[in-house]
Amino acid sequence: MPQTRRQFLTATAGLALLPALPRMGFAAPAAQLTVASRQLEVLGKAATVFGITGPDGKPGLMAREGERFYGLVDNQSGEDLILHWHGQVLARNTDDRTRPNGGVHPTGTQEAYDFPLTAGTHWMHSHTLSEQQLLAAPMVTVEADAGDTPQAVIMLHDFSFRPPAEIAAGLMTAQGHHMAGMKMGGMDMSGMKMEGMTHANDVDYDAYLANDRTLADPDVIAVQSGPVRLRIINGATATAFWISTGGLAAQVVAVDGNKVAPTSRASIPLAQGQRVDLLVQIPPEGGAFAILAQVENALMQTGVILATAGADIAKVPSLAAAPAPFVDLTFDASLSALTPLPAKPADATLHIALGMEAGYRWTINGAAHGEAAPLQAALGSRVEMMFMNPTMMMHPMHLHGHHFQVVDLGLGRFNGPRRDVVMVPPGGMVTVAVDFDKAGAWFLHCHHLYHMASGMMTSVTVA
Ligand SMILES: [Cu+2]
């Protein structure tokens, strides 16, 4: 069943709600999240993956606006952990190990956290290759104005039986050679024809999962007639999807946890790291409805089934009838932020050129991670980051600790969505505005795991 308010209160009863009380001298808080290995069956074969579970045994964290994340993270995974609170903007830089020289959370130990939760559909994930092994979970804080609408969280993954280090090594050899000689250093994209060269889906995955299952044996979520809020998280490492709602009218109400002017859409692109909240209406006569995520430029799809009691559930194939197009920015261009940044001129502009070099080397301003000095921003300043992408792949660019606003997609200024991941398509230019109101060093990187791991990451030092 989707969670109702009543179930939420039960589910979050273990969360301390004592922000005003001093914590010194109190007993250590209970473990709120445990990171451990688990067994999963994918396509009839056993797989060992990671998981992050709360005290109720469910994945991740569910809270209500106004609550804090207060408690211990228990790392029982057998590996050092670098966990990112993706979308949390109230946590300090030091509340997250995913920062330059942030160190690791050693296996077999617990770490204490205490920060106010950011409302909206967010998530948590490993910032290393173990993200590929499903080391990720929802981190959802239900908005105060979301009411009692039943909801369902859908977490998407791309899955391989191969270890991620082997996938990465394969990309750097086979595909690296394939890409050799295709370096595009010049920034003049005006005359370039990107269509024919554009590609996606570097990795040959074994399966695509929605809530840990394939369409051969999908997650069936019980619903009733009336509205249901879907909170869809793209936790895949190297895959962007198109989301569709099986004939149900869908209203987009938030992206990356940030409210947008409600808009109807039949098909919604979702890049790695992005989230979308959809309000769907289950009709009075009930039925079964497939909520599908189809891989861009491919036939493969995954999804869940929303079903009313007694509904006939038809099998949905794992291959769609026709390939999905490449994801693009048409959807973003149609969105309008409900909580835009205050109107003011930018204090500075950062030009961020995304690059690709032979040997599967992905760069920012010509440098792989660690080769160049961090970008700089003055504390309290409004900065516009202008991303330029002369490469042949889309890059979902993510800034830690902030929700920027998309202000220009190359078609002129507009009141675009607040986000923390923005797609920069091949040949594209995207400008986002950020208020850097928190000191520290914040990672800025491509959310394609293998692009990040092979260089496409830098940081912004705010001081
Ligand atoms: Cu990338």
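The values are calculated or read from the model by the stated rules, or taken from the named source; none is laboratory data. Predicted model, so just to flag it, every value in this text is computed and none were measured. Reconstructed Cβ throughout: ideal geometry from the backbone, glycine too, with neighbour counts over all protein chains shown. Only protein heavy atoms, including side chains, enter the accessible area calculation; ligands, DNA and RNA are left aside. Shrake-Rupley method; radii C 1.70, N 1.55, O 1.52, S 1.80 Å.
Here the chain is scanned for GluC sites (Glu not before Pro) in DSSP loops (not H, G, I, E, B) that have at most 15 other Cβ atoms within 10 Å, and the longest stretch holding none of them is 66-194. Based on the Cβ-Cβ distance of residue 367 and residue 461, what FRET efficiency does E = 1/(1 + (r/R0)^6) give at R0 = 25 Å, to the nearest 0.05? Computed FRET efficiency for residue 367 and residue 461: 0.95. Taking every alpha-carbon pair under 8 Å whose residues sit at least 6 apart, the range 25-99 reaches a relative contact order of 32 percent. A Förster radius of 35 Å combined with the Cβ-Cβ distance from residue 38 to residue 216 puts the calculated FRET efficiency at roughly 0.95.
You can think of it this way: the chain between residue 263 and residue 429 has 57.3 nm of extra reach, that is 0.36 nm per residue less the Cα-Cα gap. Taking amide H atoms as placed 1.01 Å from N in the peptide plane, the amide H of residue 424 lies under 5 Å from those of 395, 397, each 5 or more residues away in sequence or on another chain. Given in Å, the Rg to one decimal and the Dmax to the nearest whole number for the Cα atoms of the range 348-462 are 13.1, 39.
Take the Cα of residue 328, go 7 Å toward its beta carbon, and the backbone nitrogen atoms of the range 394-416 under 18 Å from that spot belong to 394-396, 408-412. Using the Karplus relation 6.51 cos²θ - 1.76 cosθ + 1.60 with θ = phi - 60°, the per-residue 3J(HN,Hα) values for the range 232-246 come to 9, 10, 8, x, 5, 8, 9, 9, 9, 10, 10, 9, 9, 10, x Hz, with x marking Gly and Pro. The C-alpha atoms of the chain occupy a region whose extents along the principal axes are 60, 58, 46 Å, arranged from largest to smallest.
A cut-off of 5 Å between modelled amide H atoms, ignoring neighbours fewer than 5 places along the same chain, links residue 353 with 365, 388. As a fraction of the 1.4 Å probe accessible area of the chain, surface on carbon and sulfur atoms comes out at 57 percent. Using the 1.4 Å probe convention, the accessible area of the chain works out to 39 Å² per residue with neighbouring protein chains retained. In this structure, residue 109 and residue 381 have a Cβ-Cβ separation that, at R0 = 25 Å, corresponds to a calculated FRET efficiency of about 0.10.
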